[in-house]
1. Taking the stated definitions as given, is T102 away from the ligand (no atom under 16 Å from the Cβ) and either among the aliphatic types (A, V, I, L, M) or over 19 Å from L53 (Cα atoms) (or both)?
2. What number of residues in region 221-279 are within 16 Å of the ligand (Cβ to nearest atom) and among the small types (G, A, S)?
3. Select from region 96-119 the residues that are in a strand (DSSP E or B) and of a type in the set (F, W, Y) and list them in ascending order.
4. Out of the residues in region 11-31 that are farther than 16 Å from R93 by Cβ and at pLDDT 60 or above, which is nearest to the ligand (Cβ to nearest atom)?
5. Report whether or not Y82 is buried (at least 17 other Cβ atoms within 10 Å of the Cβ) and of a type outside the set (A, V, I, L, M, F, W, C).
6. Just one of K78, K141, K29 is without any contact (Cβ under 8 Å) to a residue 40 or more places away in the chain and among the basic types (K, R); which is it?
7. Every residue in region 48-77 that is touching a Lys or Arg at 6+ places or on another chain (Cβ under 9 Å), hydrophobic (A, V, I, L, M, F, W, C) and at pLDDT 95 or above, please.
8. Return the residues of region 249-263 that are on the phi < 0 side of the Ramachandran plot, in contact (Cβ under 8 Å) with a residue 24 or more places away in the chain, of a type outside the set (V, I, T) and surrounded by 17 or more Cβ atoms within 10 Å (Cβ to Cβ); say none if nothing qualifies.
Amino acid sequence: MNAITRLPFLADMEEGVIDRVETLERTGKRRRYRTIWISDIHLGTRGCNAKLLIDFLDSVDSETMYLVGDIIDGWRLKRRFYWPAAHNDVVWRVMKRAKRGTRVVYIPGNHDEMFRQFTGLSFGGVEIRRRAVHETADGRKLLVLHGDEFDTIMLAHRWLAFVGDAAYSLLMRLNVVVNAVRQRMGLPYWSLSKMAKHKVKNAVEFISRFEEVVAHQAAARGVDGVVCGHIHNAEMREIGGVQYYNDGDWVEGCTALVEHFDGRMEVLHWADEVAARASAAQARLAA
Ligand SMILES: [Mn+2]
């Protein structure tokens, strides 16, 4: 918890500081959506693309915003404290949004699992939840969760057919124990997705297997679709009658998932949007 208590925004949460953020934000009309999902920001790491995210947050608005996990990388912060001003600016903007009346739901992931202990509580208007069910404008029910809860299934899933449920729940408990030990030793959370990305030759196969597992689990819960993050791969596709959505990340892809006011869903690629805006500005100058 040391790294968490060192985060400067906790001291900045008084009214005055949050109010000042408004003056930092770019003025002008923001694009409005019914819902925005973002995840895998990894604040506190060099990989985080905070500048693009700030531009995104200053350009769009929504009635509801879901933070779908791995927002702050507590595991990395514990090993090496890294918190530039831009990372604080991201947190301020989110807090400001909640204060202005956007419903902000924060679903911690595995890298920010230290916030899971606050499930059910609300900080400055930001609700902390383990998972959520979102109802779209066109009446579909979408299960919203980070996605790391499927790591053990991904691992077990090949043997599951042979060894059954007992071994699977043992494996689940084992994963908890292994990570508790790793945490005590100061080692980062052992993530199947990370290991697979680095060690399995075929990352594409891994991603599609993850998507199928998530969709299958969502179907079992009787929802129309599922929104998750975790594997840093934005996607929108139907798998076995379930709509699978992944909002991607702000490390490599810099993507967000949005719901339009008619329920239509879209993945926004923010680096492309910024590039298009720049070339449009250049064309105006040339004309
Ligand atoms: Mn994750």
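The values are calculated or read from the model by the stated rules, or taken from the named source; none is laboratory data. Bear in mind the structure is a predicted one, so any value in this text is a computation, not a measurement. All Cβ positions, glycine included, derive from the backbone under ideal geometry; neighbour counts span all protein chains shown.
1. No: the conditions fail for T102.
2. 4
3. Y106
4. Looking at the filtered set, the residue picked out is A11.
5. On the way: buried (at least 17 other Cβ atoms within 10 Å of the Cβ): no; of a type outside the set (A, V, I, L, M, F, W, C): yes.
The answer is no for Y82.
6. Details: K78 fails: without any contact (Cβ under 8 Å) to a residue 40 or more places away in the chain; K141 fails: without any contact (Cβ under 8 Å) to a residue 40 or more places away in the chain.
From the options K78, K141, K29, the qualifying one is K29.
7. Within region 48-77, L53, I54, L57, V60, M65 meet the criteria.
8. Those that are on the phi < 0 side of the Ramachandran plot, in contact (Cβ under 8 Å) with a residue 24 or more places away in the chain, of a type outside the set (V, I, T) and surrounded by 17 or more Cβ atoms within 10 Å (Cβ to Cβ): D249, W250, A256, L257, E259.
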